[in-house]
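Notes follow once the structure below has been shown.
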Amino acid sequence: MSLRAEAHRPSPEGRLLELEIPSDIGCIERVVEAVRHECEQVQFSERLVALNVRVALAEALSNAILRGNRERDDAFVRVRAQVDATMIVLEVADEGVGFDLDACTVDPTAPERLDAEDGRGLFLMRRLMHRVERFDVQGRSVIRMTLFRE
């Protein structure tokens, strides 16, 4: 399992962390911990980081690895975390074909979905973050999640 930091530079405006990881779910916790550390450096709310950031980022990474890249050994996930005094912006990019964010977000609390084993990730991301967007950049499917400081 490898975790490669492409860039990691503090700036007066905040901190930027860029990582590239293989399509291995074993890398998720290390990425979440690296992002948590960056949030800690700018004194972002520990409560928001412990729940909102941790869960939303883990779900986005899981979806990128399992659904976007389909766990292919030759596919990678890129993570970009920009943290400053006002917000956290997380981007998770996979090599998949993309999807319609609204159409794929289902309510797991609906009676017909209560026993479903999947379909909670996008719902959680959208509940825990202030903004969630999906777009394509250079052949990659990107989820961008933004959380503002309380």
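Around residue 75, which amide H atoms from residues at least 5 apart in sequence, or from another chain, sit under 5 Å from its own amide H, with H modelled in the peptide plane?
HN-HN under 5 Å from residue 75: 23.
Could you tell me the relative contact order of the chain? Use alpha-carbon pairs under 8 Å, at least six residues apart, and round to a whole percent. Before the final figure, lay out each step's value.
Details: 294 pairs, mean separation 34.9, N = 150.
Once divided by the residue count of the chain, the mean separation gives 23 percent.
If you build a Gaussian network model of the chain, linking Cα atoms that sit under 10 Å apart, which residue out of 116, 50, 64 swings the most?
Among 116, 50, 64, the largest mean-square fluctuation in the Gaussian network model of the chain belongs to 116.
Which of these, 45, 23, 62, has the largest mean-square fluctuation under a Gaussian network model of the chain (Cα springs below 10 Å)?
45
Give me the percent of the accessible area of the chain that comes from carbon and sulfur atoms, probe 1.4 Å, all protein chains in place.
Working: 4030 of 8240 Å².
Accessible surface attributable to carbon and sulfur in the chain totals 49 percent.
Springs between alpha-carbon pairs under 10 angstrom, Gaussian network model over the chain: which of 115, 102, 73 fluctuates most?
Evaluated over the chain, the most mobile residue of the options is 115.
Could you please report the charge total around residue 65, scoring K, R as +1 and D, E as -1 over all other residues with beta-carbon less than 10 angstrom from its beta-carbon?
Values: positive: 67, 70, 72; negative: 24, 71, 94.
Combined, the nearby Lys, Arg, Asp and Glu give 0.
Tell me, what ³J(HN,Hα) does each residue in region 91-96 have, in order and in whole Hz, if you take phi through Karplus 6.51 cos²θ - 1.76 cosθ + 1.60 with θ = phi - 60° and put x for Gly and Pro?
10, 10, 10, 10, 9, x
Report the net charge of residues surrounding residue 81, where surrounding means a beta-carbon distance below 9 angstrom and charges are Lys +1, Arg +1, Asp -1, Glu -1.
Working: positive: 15, 80; negative: 18, 38, 91.
Here the charged neighbours net out to -1.
For the chain, what is the calculated [θ] at 222 nm in deg cm²/dmol (nearest 500), taking -39500 (n - 2.57) for each run of four or more DSSP H residues and dividing by its residue count? Mind dumping the intermediate values first?
Working: 4 runs with 36 residues, N = 150.
Mean residue ellipticity, 222 nm, calculated: -7000 deg cm²/dmol.
Each residue of region 14-27 in order: what ³J(HN,Hα) in whole Hz does its phi give by Karplus 6.51 cos²θ - 1.76 cosθ + 1.60, θ = phi - 60°, with x for Gly and Pro?
Going residue by residue, I get x, 10, 10, 10, 10, 10, 10, 10, x, 7, 9, 4, x, 8 Hz, with x marking Gly and Pro.
With every protein chain present, what is the per residue accessible area of the chain (1.4 Å probe, Å²)? List each step's numbers first, then the result.
On the way: 8240 Å² over 150 residues.
Per-residue accessible area for the chain comes out at 55 Å².
Counting other Cβ atoms within 10 Å, which trypsin sites (Lys or Arg not before Pro) in region 24-105 have at most 12 and lie in a DSSP loop?
On the way: sites: 30, 36, 47, 54, 67, 70, 72, 78, 80; in loops: 70, 72.
Passing both the DSSP loop test and the Cβ count: 70.
The values are calculated or read from the model by the stated rules, or taken from the named source; none is laboratory data. Remember, it's a predicted structure, so these values are computed and weren't measured experimentally. Please note: Cβ atoms are built from the backbone with ideal geometry, for glycine as well, and neighbour counts cover all protein chains shown. Side chains included, ligands, DNA and RNA excluded: accessible areas come from the protein's heavy atoms. Shrake-Rupley method; radii C 1.70, N 1.55, O 1.52, S 1.80 Å.
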